[in-house]
Amino acid sequence: MALSSAVAAGCGSGTSPEVEAGPDGTPDPVLVAGRGVFVDRCSSCHGADGGGTRNGPSLNRGRLLQAYPDLSEAAAVVSDGRDRMPGFGGLLTAGEIDAVLRYITEVL
Ligand code: HEC
């Protein structure tokens, strides 16, 4: 079954990039936490690399900062939801939302 590995990896997904080690030799723990949130809560619609799927737009390669130079507005979308985007205000703390937005803008 040649298809099975592609199916197991999901539709055009793959693995979200790891956070690289900083100058002190360890990855920024906030970015690592943000990656965890992204993998668990966001990648299903926005893609493992943030490149988007048919269920959600792309957020990677600077697109998020382009759309939201002020990330607190992006945080409001994540918290409150918009259209087909569910709100995460009841599920994630403000710190977790800030962490996932940093992961998206600094790593993806
Ligand atoms: C069920 C699918 C789904 C999930 C899960 C999801 N999103 Fe979304 N997201 C969407 C859709 C659809 C839109 C476009 C909403 C619109 O058209 O207004 C969107 C829009 C956004 C936007 C605004 C993009 C823009 O250009 O205006 C941000 C930021 C965002 N999502 C971040 C996240 C984050 C962070 C998570 C995880 C905590 C997440 N999303 C989880 C579907 C999803």
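The values are calculated or read from the model by the stated rules, or taken from the named source; none is laboratory data. Just so it is clear, the structure is predicted and the values come from calculations on it, not from any experiment. Cβ: placed from backbone, ideal geometry, glycine included. Neighbour counts: every protein chain shown.
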Q: Would you please name the residue that is farthest from residue 34 (Cα to Cα), looking only at residues in the range 76-95 that are more than 8 Å from the ligand (Cβ to nearest atom) and not in a loop (DSSP other than H, G, I, E, B)?
A: 80
Q. More than 8 Å from the ligand (Cβ to nearest atom) and over 14 Å from the mean Cα position of the chain (by Cα): does that describe residue 99?
A. no
Q) Do we find a residue being at pLDDT below 95, out of contact with any helix residue (DSSP H, G or I) (no Cβ under 9 Å at 6 or more places or on another chain) and acidic (Asp, Glu) anywhere in the range 18-36? A) yes
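For the range 21-51, name all the residues that are polar (S, T, N, Q) and not in a loop (DSSP other than H, G, I, E, B).
Looking only at the range 21-51, we keep the residues that are polar (S, T, N, Q), and these are 26, 43-44.
Matches in the range 21-51: 43, 44.
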Q: Considering only the range 55-108, state which residues are free of Cβ contacts under 8 Å to residues at least 24 places away in the same chain, more than 12 Å from residue 42 (Cα to Cα) and hydroxyl-bearing (Ser, Thr, Tyr).
A: 68, 72, 79, 93
Q) Within the range 63-72, can you find the residues that are surrounded by fewer than 14 Cβ atoms within 10 Å (Cβ to Cβ), more than 9 Å from the ligand (Cβ to nearest atom) and in a helix (DSSP H, G or I)? A) 72
Q: Given the conditions (1) near the ligand (Cβ under 6 Å from one of its atoms); (2) surrounded by fewer than 17 Cβ atoms within 10 Å (Cβ to Cβ), report the number of the one that residue 41 does not fulfil.
A: (2)
Q. Within the range 54-75, can you find the residues that are closer than 22 Å to residue 32 by Cβ and of a type outside the set (Gly, Ala, Ser)?
A. 59, 60, 61, 64, 65, 71
